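Bear in mind that the values in this text are calculations on the coordinates, not laboratory data. Here the structure is a predicted model, which means the values were calculated and not measured. When we count neighbours, we look across all protein chains shown, and the Cβ atoms used for this are built from the backbone with ideal geometry, even at glycine.
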């Protein structure tokens, strides 16, 4: 069902290193993305659950 | 700016939440029954459909897919419409989703007691149901993505991110883990064998917890907790970091379910490291939830909705700290296979999923029926019964787990096991199991009180089937360019977002699985390991049907306490013909991987008929039907062919002679039974099961004899 494409795993130490690098880069990009985000936009996103678009009650904005 | 008038569909939300309550009660009742069976075996009712081995998967499936699943769908349908300012994409798809899912649950409720199971935990359902799940999941996905496309809100709130990640990841997990080769309409074999099967299964099992029980409920938390507290989430930035790091890291941690097993060591270590890293995003999320209540803690004292949610989020925090700690090898060596794990999952299940669901129900039912909760007093009573229930459940199980582990591992000064007989460790923890059932009973009582309270609430109000709303179409609100292109990318483009989530979750799975599948040295072959004989194959399928793996492992870890008790530790190469693997995850009874030759055929015969008479005090149920039912020899050829397709080296054409071999082996066993005065027909199921049990570990023992 599966083929043994590679015969051994001689350089197994490279796997955790690759994993670490992938995650570390991912995390750095994530932090950069979050901390360069526009403050107003973040605040608007934060308030989204309170904007129900219902005509019978005005959108409540608890902290505004 | 012109506003469009539309309405939110509450009817579908109502349907899903009714299903949640019904299946919650059923699932908990089944769980309570299973708990009682473990100290009063008479509650197995001597019926094959109600033994623990079949009831336990019914309980887990009912709770995960029926109770939590329906709560997830109801919660998602309500919040998605409001967060995107749009009715669901298609009412028809919503109802296909609803009824399709309920039919799947019905199929599970019928097929699991009938013993139709793939033996893979939380993926027990057989292949036709697997296909149905895939179809209904795609319907759900189309409905959500369709709603995203016709949304009137440009930005996607973080809850929607969690929903999308759930949809994508569950699809990947379900499909990869369910690849199987059908033998009949109700029977299939896993495509993968042994170690690979175990890795795929626990990659699935771990991430089913992550992406079915955790991410959708985090999405719900980010919507309903702010709504109930009437204040926005503490830190939106933290929620973004929470989301991406959680989905990225979670997918790597699966191998922590297989520590000290025959899985390659590097994969085990990878699982441990990523599990420890998982603490950070999990606690970030928990703190974000709890901090949302800053300045509102006085309301937590009065509002049952907030009470339930606070305990839910706290339970999430406890379970997600405990999980990584349990994935440390030293702690895992103690806790694995014991009741500790049962305690751990129930802190998550009862605390996090159960209490968040209850909190949402108490909030949403009065809202959708335009009224107030019938009785806050009853809700508070439910809260306390539920909380006590969790404590009475978890504490005895923690104690029981530690007691089990210490007894299994205790040596006397002469170097012998103090509790050589496994049964001594079983009997010791029975009082704790009784306490656990009491906890479960309290929790169920609370849920019954909730049902009454919610029915009264609905009765007092009037259901708002279509809630009117109005909002400007997306085309009328051009995207503002603030924040830079990189921010527009994620929040404004749902499809791209979905693809990125998919990439994030695929990386971990690929790094873990590709080497295990492709590298020869990861599964060293053992020359003496041979495929199962036709009779053993039938026996193995009976073992699977009866759910023996729910209580008995087939994985001896390389500890002296285990090799002394059971025999040589298990090797990866021993499982190369095991479709599916049957390592098990819990030892209610002893490991069986070295059973071969340990007891006589007659012992097994008597033991399966009346376990208590052979081993006094045993809590194993009797299996009288195995002595009346016969194996279906017409299936032998199909089984052989299916297994050959997935790589078991049965010779071409062997299926024609297989039944002759089967008869031969069966007559040898019946002859040996007859010598002890037991008369049994050779095609009886018990004969096949004995053949299988006498095979477990035989190859390795033969290897030893040959090399001597």
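Here is how the numbers come out for the structure above:
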read-out	value
Nearest-0.05 FRET efficiency for residue B:452 and residue B:345, computed from C-beta distance (R0 35 Å)	0.80
Distance from the range B:336-406 to the range B:238-258 (C-alpha centre basis), Å	24
Which of B:218, B:93, A:31 has the fewest Cβ neighbours within 10 Å, and the rest in rising order	A:31, B:93, B:218
DSSP-defined beta bridges in the protein assembly as shown - what % are antiparallel, rounded to 5	85
Directionally averaged projected area (convex hull, Cα atoms, the protein assembly as shown), nm²	34.0
Whole-angstrom gap from the range B:179-232 to the range B:259-330, using each part's C-alpha centre	17
Length added when fully stretched, residue B:384-residue B:7, from 0.36 nm per residue minus Cα-Cα	132.0 nm
Per-residue [θ]222 nm for chain B (sum of -39500 (n - 2.57) over DSSP H runs n ≥ 4, rounded to 500)	-20000 deg cm²/dmol
Peptides B:244-256, B:305-317 ordered by average Cβ neighbours within 10 Å, highest first	B:244-256, B:305-317
Cβ-Cβ FRET estimate between residue B:302 and residue B:371, R0 fixed at 30 Å, reported to 0.05	0.95
Radius ratio Rg over Rh of the range B:134-239, counting only Cα atoms, Kirkwood formula for Rh	1.10
Equivalent-ellipsoid semi-axes of the range B:264-405, from the Cα gyration tensor, Å, largest first	33, 18, 11
Residue exposure sequence - B:360, B:526 - by fewest surrounding Cβ within 10 Å	B:526, B:360
Computed over chain B: relative contact order in percent, which uses C-alpha pairs under 8 Å that are six or more apart	17
Cα gyration tensor shape for the range B:534-707, rounded if a/c is under 1.5, else prolate or oblate	oblate
Pair-distance profile P(r), taking every C-alpha pair of the range B:36-143, with 5 angstrom steps and integer %	2, 11, 19, 20, 15, 11, 8, 6, 4, 2, 1
By average C-beta atoms within 10 angstrom, highest first, the peptides B:457-468, B:578-589	B:578-589, B:457-468
Length released on extending from residue B:430 to residue B:176, taking residue separation times 0.36 nm less the Cα-Cα span	87.6 nm
Cα Rg, Dmax, the range B:231-334, angstrom units	16.5, 53
The range B:570-599 versus the range B:638-657: alpha-carbon centroid distance in Å	22
Gyration tensor verdict on the range B:382-442 (Cα atoms; rounded if a/c is under 1.5, prolate if a/b is larger than b/c, oblate otherwise)	prolate
Equivalent ellipsoid dimensions for chain B as semi-axes, Å, which come from the Cα gyration tensor, largest first	46, 27, 25
Burial ordering of B:8, B:419, fewest other beta-carbon atoms within 10 Å first	B:419, B:8
